[in-house]
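First up is the structure itself, then whatever we jot down about it.
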Amino acid sequence: MSVLQASRKTSQVSSSNDPFVALGINPLKNFKNTNLLANFITEMGKIKPRYKTGLTAKSQRRLSKAIKRARAFGLMPVTTRPYFMYNFKALGRNGSQY
């Protein structure tokens, strides 16, 4: 094994910065903890992709299932409105029309 192959092998093993693996947390059992799950959702309510969260594939699948479960129970909103929809003055409209 060359030096390049050895460095690739060690970098793959140590590249895990998954908080669920590090703390031993199963997201499926903690679906009621909406503060934890909210860190993995965008402002529009979409689940963040794995390359942005840094989770392993297994943890990402568990996380998405936990988020969907929390949405089904009504603990988290399914969709959110963007801020500009609330701010009528910024759009040049007065609030009396709505």
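Hey, which of the helices (runs of 4 or more DSSP H) in the chain, taking only ones fully inside, have at least 1 residues that are at pLDDT below 70 and exposed (fewer than 11 other Cβ atoms within 10 Å of the Cβ)?
So the answer is 3-13.
Going through the range 23-38 one residue at a time, which ones are farther than 14 Å from Pro77 by Cα and within 10 Å of the chain's Cα centre (by Cα)?
Once the filter is applied, which keeps residues that are farther than 14 Å from Pro77 by Cα and within 10 Å of the chain's Cα centre (by Cα), the range 23-38 yields only Leu36.
The values are calculated or read from the model by the stated rules, or taken from the named source; none is laboratory data. Note that this is a predicted model, so its numbers are computed, not measured. Methodologically, a virtual Cβ is constructed for each residue, glycine included, from the backbone with ideal geometry; neighbour enumeration extends over all protein chains shown.
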